[in-house]
1. What percent does the relative contact order of the chain come to when contacts are Cα pairs within less than 8 Å and at least six residues apart?
2. Once amide H atoms are placed 1.01 Å from N in the peptide plane, what residues at a sequence separation of 5 or more from ASN16, or on another chain, have their amide H within under 5 Å of its amide H?
3. What label, among (1) 16.4; (2) 16.0; (3) 16.9, belongs to Kirkwood radius over Cα pairs in Å computed from the structure on display?
4. With +1 on each Lys and Arg Cβ and -1 on each Asp and Glu Cβ, how big is the dipole of the chain about its Cα centre, in debye rounded to the nearest 20?
5. For region 48-135, what D do you get in µm² per second when you plug the Kirkwood radius from alpha-carbon pairs into Stokes-Einstein at 25 °C and 0.890 mPa s?
6. Report ³J(HN,Hα) in whole Hz for each residue of region 48-65, in order, from the Karplus equation J = 6.51 cos²θ - 1.76 cosθ + 1.60 where θ = phi - 60°; Gly and Pro get x.
7. What does the helix-only formula give at 222 nm for the chain: each DSSP H stretch with n ≥ 4 adding -39500 (n - 2.57), the total divided by the residues, and the result rounded to the nearest 500 deg cm²/dmol?
8. Just for the Cα atoms in region 16-75, what are the lengths along the principal axes, largest first, rounded to whole Å?
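Bear in mind that the values in this text are calculations on the coordinates, not laboratory data. Quantities reported herein were computed from a predicted structural model and do not represent experimental measurements. Don't worry about glycine lacking a Cβ; one is built from the backbone with ideal geometry, like all the others, and counts go over all protein chains shown.
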Amino acid sequence: MILKDLKIFSQNIQKNNFLINTVLEVNQNFDIIFIQEPLWTILRTIPSSTNSEGIPLLGVPNYPNWLTFTREPCLTNDSPRVIIYINVRLSSFCFSLHKDIINHCDILLASFFNNSIMYWIMNIYSDSSHSTLKYLKDTEVNIPNLLIMTGNFNIRDSI
């Protein structure tokens, strides 16, 4: 694959599962889809040896044509607000997440290999207090071959 042919789509879905399902179904010609503000829902209850009612399993929509990359959800309201979907036709590029480099619940940094060179992509959600942007500024990580850093930055112009 030639990198200039890489098709990337980014969308804040505002916790709307209908919208995320539509995006994944309609945009199958894209290679990578960045989603911000997914709706984490209880998919089912899993058996537990410590809780007779079971433990709720949280998740987001999965599709057979897409590999889903995200952080572990929480049972509280601070579940991750970014997901990366990779089209399965790119699975040979060996995508992987890197919490070891950037460890923030609203930033996903992923790498992949193309012609023996490692490339990086980043999906970001920054809330109205800009906590993610402050984290990036304070961290000052140098990431060579960063192809795209996009998402929902919530930077409003006062005018």
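1. Relative contact order of the chain: 18 percent.
2. LEU39
3. Computed from these coordinates, Kirkwood radius over Cα pairs in Å corresponds to label (3).
4. Roughly 200 debye, rounded to the nearest 20.
5. 164
6. Running phi through 6.51 cos²θ - 1.76 cosθ + 1.60 with θ = phi - 60° gives 9, 7, 9, 9, 5, 7, x, 10, x, 9, 8, x, 10, x, 10, 10, x, 8 Hz.
7. Result for the chain, helices only: -3500 deg cm²/dmol.
8. The Cα atoms of region 16-75 stretch 45, 20, 18 Å along their principal axes.
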